[in-house]
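First up is the structure itself, then whatever we jot down about it.
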Ligand code: GNR
Ligand code: NI
């Protein structure tokens, strides 16, 4: 297992269109394990392979979930969260709701910058998991938002590309300033 370097803007690799996986191999499974380790270390809730420099259509998500046996009405401060790793290979959106949901998104490749992004609230998607098994499911909530954010990465798109040029340039300037102050 290894923690990999996460690519940040303005690295040109973030604009690359990633290639479909033809056959899921042990090398992919090793990459996926490293992607989870990298994501948990960051920490983040999702990571696309291109963010660690690999232009293949692979992404991982972990939104964590309350531990088994947690009552619906448990006090939020008593809820213990456990890992819930999800792997998506060659994901495709086959349906999207007209209804949009807004989420204050961030991205490990645009560190410490956040902005509201509107996306379809519910999507139906197909994908393969790390064993090569096919899945088809309707998703909503943060999982739908996060999967769309990660799928954008596979197409060379960042959350800031959904903003006006004015807002995008403001965020990139702020990031630049922050980096110069940290240096
Ligand atoms: O950690 C992350 N948080 C997040 C918050 C709202 C919407 C999407 C995300 S994904 C992001 C990690 C990341 O950059 N994945 O590509
Ligand atoms: Ni991202």
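Solvent-free Debye calculation, one equal scatterer per alpha-carbon of the stretch 42-183: log10 I(q)/I(0) at 0.10, 0.11, 0.14 Å⁻¹ equals -0.40, -0.49, -0.77. The slack in the chain from residue 142 to residue 178, taken as 0.36 nm per residue of separation less the alpha-carbon distance, amounts to 10.1 nm. Put simply, when 26-32, 121-127, 71-77 are sorted by average Cβ atoms within 10 angstrom per residue, most first, you get 121-127, 26-32, 71-77. The modelled label-to-label distance between residue 134 and residue 65, using points 7 Å beyond Cα along the C-beta direction, is 2.4 nm. Taking the helices alone, the chain has a mean residue ellipticity at 222 nm of -8500 deg cm²/dmol, built from -39,500 (n - 2.57) per DSSP H run of at least 4 residues and averaged over all its residues. Remark on the stretch 1-75: hydrodynamic radius 13.9 angstrom, per the Kirkwood mean of 1/r across alpha carbon pairs. Under the criterion of Cα pairs below 8 Å and six or more residues apart, the relative contact order for the stretch 111-183 equals 28 percent. Here the relative contact order of the stretch 26-79, from alpha carbon pairs under 8 Å that lie six or more residues apart, stands at 25 percent. Extension gain, residue 169 to residue 7, is 56.4 nm, computed as 0.36 nm per intervening residue step minus the present C-alpha separation.
A Förster radius of 25 Å combined with the Cβ-Cβ distance from residue 21 to residue 157 puts the calculated FRET efficiency at roughly 0.80. Note on residue 116 and residue 74: with the Förster distance fixed at 30 Å, the Cβ-Cβ geometry gives a FRET efficiency of about 0.50. The slack between residue 99 and residue 40, meaning 0.36 nm per residue of separation minus the straight C-alpha distance, is 18.1 nm. Would you mind telling me the antiparallel percentage of the DSSP bridges in the chain, rounded to 5? Around 95 percent of the beta bridges assigned by DSSP in the chain are antiparallel ones. Using C-alpha pairs under 8 Å with a sequence gap of at least 6, the mean separation divided by the residue count of the chain gives a relative contact order of 23 percent.
No lab work stands behind these numbers, since they all come straight from the coordinates. Fair warning: this is a prediction, and the values are worked out from it, not measured in the lab. Counting neighbours? That spans all protein chains shown, and the Cβs are built from the backbone with ideal geometry, glycine included.
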